[in-house]
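K.L.:
The structure's right below; bear with me while I get my questions together.
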Amino acid sequence: MSDESVMRSVISVIMSHPVIYSNVTRILRGKTKTQRFFDMYVRPWPGCQILDIGCGPGDALNFLPPVDYYGFDQDPFYIESAKNRFENKGKGKFFCRAVSRIAFSGEDKFDIILAMGILHHLNDDEAKQLFELAYHLLKPGGRLISYDGCYTKTQSWMRKFILDIDRGKFVRDEKSYTSLASTTFAHLLSTVREDLLNVPYTIIIIECQK
């Protein structure tokens with residue numbers, strides 16, 4: 001096993017604990033920078049319907065106004081934490097299962113779908129399925145917002161190293177991400193940024209509109 005694989009395994013074990021996950025992501029992303037991301041790219045409004053795919057312990061709710069929020073994650077510890085922190089206080093609904101068409105009635109459609117840190121965990125076929133599912137679940141004019149680590153030709157060795165040891169095995173460059181999104185969405189905009197985390201890290205944000 002390579003050194004990168006060992007580090008990736010260690011990180012996965014540590015981040016599997018909801019409290020540690022929330023604290024680490026809060027430190028890495030920073031409250032101000034995370035709020036900036038939500039204000040600039042998610043652009044939620046009170047009462048809008050939001051689906052969070054791979055919601056983890058539900059930390060996105062800390063940066064949203066009062067919304068109709070549904071969070072899905074397959075990690076039971078994350079979902080248990082999210083229910084204790086938010087659902088039991090009347091904020092959001094959480095489900096420990098994969099998102100699918102049959103999880104919702106034909107009338108359930110969303111204004112915004114979040115996929116934060118998801119695509120770089122999915123192979124190409126799985127990523128295409130996510131885009132297809134999101135398109136099906138969005139209202140006309142609704143948007144899917146993704147947020148993932150991204151390789152660039154000009155990034156520093158440190159940024160590349162941090163991406164190399166990421167838990168996700170499918171970190172891509174901008175063209176590879178957008179090519180996958182464009183198989184389903186005709187209208188999309190990608191933005192690569194290096195200033196949204198408190199560590200040297202390159203992020204790609206893709207806004208896909210139905």
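Where a number appears in this text, it was derived from the coordinates with a stated rule and is not lab data. Just so it is clear, the structure is predicted and the values come from calculations on it, not from any experiment. Glycine gets a Cβ as well: all are built from the backbone with ideal geometry, and neighbour counts include every protein chain shown.
K.L.:
Order these by the 10 Å Cβ neighbour count, fewest first: LYS91, LYS33. Could the numbers behind the result be given before it?
P.N.:
On the way: LYS91 17, LYS33 14.
Ordered from fewest to most neighbouring Cβ atoms within 10 Å, LYS91, LYS33 come out as LYS33, LYS91.
K.L.:
Next question. For LYS91, go through the lysines and keep the ones whose alpha-carbon is under 18 Å away, minus same-chain ones fewer than eight residues off.
P.N.:
Excluding near neighbours in sequence, the set is LYS83.
K.L.:
Still on this model: Any lysines with Cα under 18 Å of the LYS169 Cα? List them, leaving off those in the same chain fewer than 8 positions away.
P.N.:
Excluding near neighbours in sequence, the set is LYS128, LYS160.
K.L.:
Okay, moving on. I'm checking a number: the convex hull volume of the Cα atoms of the stretch 3-209, normalised per residue, in Å³. What is it?
P.N.:
Numbers: hull volume 24.1 nm³, N = 207.
In the stretch 3-209, the Cα hull volume divided by residue count equals 116 Å³.
K.L.:
Related question: What is the order of ARG101, ARG143, ARG85, fewest Cβ neighbours within 10 Å to most?
P.N.:
Details: ARG101 11, ARG143 23, ARG85 19.
Ascending number of Cβ neighbours within 10 Å: ARG101, ARG85, ARG143.
K.L.:
No solvent, one uniform scatterer per C-alpha: report log10 I(q)/I(0) for the stretch 117-210 via the Debye equation at q = 0.10, 0.24 1/Å, two decimals.
P.N.:
-0.25, -1.22
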